[in-house]
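Novice: Here it is: the structure, laid out below.
The values are calculated or read from the model by the stated rules, or taken from the named source; none is laboratory data. What you are looking at is a predicted structure, and each value in this text was computed from that prediction instead of being measured. With ideal geometry, Cβ positions are generated from the backbone for all residues, glycine too; neighbour counts draw on all protein chains shown.
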Amino acid sequence: EILERRIRNLEFAYHKPLIDYINHIHFVSLNTKDKKNIGALDPIVFLESEQAKELSTQVTEGLIGTKLTEDDRFENSFNYHLQQIIERRAKGETVGLLNVFKEMAKSKEELIK
């Protein structure tokens, strides 16, 4: 029994760095019924400036296609609002890619709306 306890303590000491590393990981659930998970995979939420821009652009192209996203009017509006939202996020506001689309929906231009 004493030997068994000593072995367990040695095993714990050996694996402690791994255990500490695992305990520092922020795990996210993708359960859509849990309101805390809304926006968990939003590029603006989990990435910094340039990476957030790149992935947000790719996601948008995937959602609505390149025919629209390559139109200069749409692209300029999207980039402008994306930058505004990323700056607001950097200041601590709870915003994300959906806010970019909400701002664009206010446009007077039908293509952008």
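Novice: Condition first: within 17 Å of Asn76 (Cα to Cα) and either free of Cβ contacts under 8 Å to residues at least 12 places away in the same chain or not small (Gly, Ala, Ser) (or both). Now tell me which residues in segment 29-65 satisfy that.
Specialist: Glu50, Lys53, Glu54, Leu55, Thr57, Gln58, Val59, Thr60, Glu61, Ile64, Gly65
Novice: Further question: Enumerate the pairs (first residue in segment 1-25 and aliphatic (A, V, I, L, M); second residue anywhere and at pLDDT below 80 and surrounded by 10 or more Cβ atoms within 10 Å (Cβ to Cβ)) with beta-carbon separation below 9 Å, excluding pairs fewer than 6 apart on the same chain, so at least 6 apart or on different chains.
Specialist: These pairs meet every condition: Ile19/Phe12.
Novice: I've got another one for you. Within segment 83-104, is even one residue modelled with pLDDT under 90, not in a helix (DSSP H, G or I) and not hydrophobic (A, V, I, L, M, F, W, C)? Talk me through it step by step, then tell me what you get.
Specialist: Looking only at segment 83-104, we keep the residues that are modelled with pLDDT under 90, and these are none.
No: segment 83-104 contains no residue that is modelled with pLDDT under 90, not in a helix (DSSP H, G or I) and not hydrophobic (A, V, I, L, M, F, W, C).
Novice: Follow-up question, since we're still on this one. Within segment 83-113, restricting attention to residues that are among the acidic types (Asp, Glu) and surrounded by 10 or more Cβ atoms within 10 Å (Cβ to Cβ), which residue is farthest from Ala52 (Cα to Cα)?
Specialist: Initially, segment 83-113 is screened for residues among the acidic types (Asp, Glu), giving 87, 93, 103, 109-110.
Filter once more, keeping what is surrounded by 10 or more Cβ atoms within 10 Å (Cβ to Cβ): 87, 93, 103, 109.
Details: Glu87: 11, Glu93: 15, Glu103: 17, Glu109: 26 Å.
My answer is Glu109.
Novice: Return the only residue of Lys33, Lys16 being of a type in the set (Lys, Arg), farther than 20 Å from Leu97 by Cβ and part of a loop (DSSP other than H, G, I, E, B).
Specialist: Working: Lys16 fails: part of a loop (DSSP other than H, G, I, E, B).
None of the others qualify; the one that does is Lys33.
Novice: A further question on this structure: I'd like to check something: does segment 60-77 contain any residue that is outside any helix (DSSP H, G or I), farther than 20 Å from Arg88 by Cα and under 22 Å from the mean Cα position of the chain (by Cα)?
Specialist: Yes, there is a match, as at least one residue in segment 60-77 is outside any helix (DSSP H, G or I), farther than 20 Å from Arg88 by Cα and under 22 Å from the mean Cα position of the chain (by Cα).
Novice: Then there's this: Collect the residues in segment 65-82 that are surrounded by 12 or more Cβ atoms within 10 Å (Cβ to Cβ) and modelled with pLDDT of 90 or more, keeping them in residue-number order.
Specialist: Taking segment 65-82 and keeping what is surrounded by 12 or more Cβ atoms within 10 Å (Cβ to Cβ), we get 68-69, 71, 73-75, 77-82.
Residues satisfying the conditions are Arg73, Phe74, Glu75, Ser77, Phe78, Asn79, Tyr80, His81, Leu82.
Novice: Any idea which of Phe74, Phe27 is closer than 29 Å to Ile112 by Cα and aromatic (Phe, Trp, Tyr)?
Specialist: On the way: Phe27 fails: closer than 29 Å to Ile112 by Cα.
Of the residues listed, the single one that is closer than 29 Å to Ile112 by Cα and aromatic (Phe, Trp, Tyr) is Phe74.
Novice: Go through segment 15-55 residue by residue and tally those that are surrounded by 10 or more Cβ atoms within 10 Å (Cβ to Cβ), at pLDDT below 85 and of a type in the set (Ser, Thr, Tyr).
Specialist: 1
Novice: Now for a separate question. Taking segment 36-48 as the search range and keeping residues that are assigned to a helix (DSSP H, G or I) and touching a Leu at 6+ places or on another chain (Cβ under 8 Å), which one is nearest to Thr94 (Cα to Cα)? Give the steps one after another, and end with the answer.
Specialist: Applying the first criterion (assigned to a helix (DSSP H, G or I)) to segment 36-48 yields 36-37, 43-46.
Next, only the ones that are touching a Leu at 6+ places or on another chain (Cβ under 8 Å) stay: 37, 43-44.
Details: Asn37: 13, Pro43: 13, Ile44: 10 Å.
This residue is Ile44.
To keep it simple, each residue is scored yes or no on (1) of a type in the set (Gly, Ala, Ser); (2) under 23 Å from Asn37 (Cβ atoms); (3) in contact with a Lys or Arg (Cβ under 7 Å, 6 or more places away or on another chain).
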site	(1), (2), (3)
Glu61	no, no, no
Glu75	no, no, no
Gly92	yes, yes, no
Asn99	no, yes, no
Lys108	no, no, no
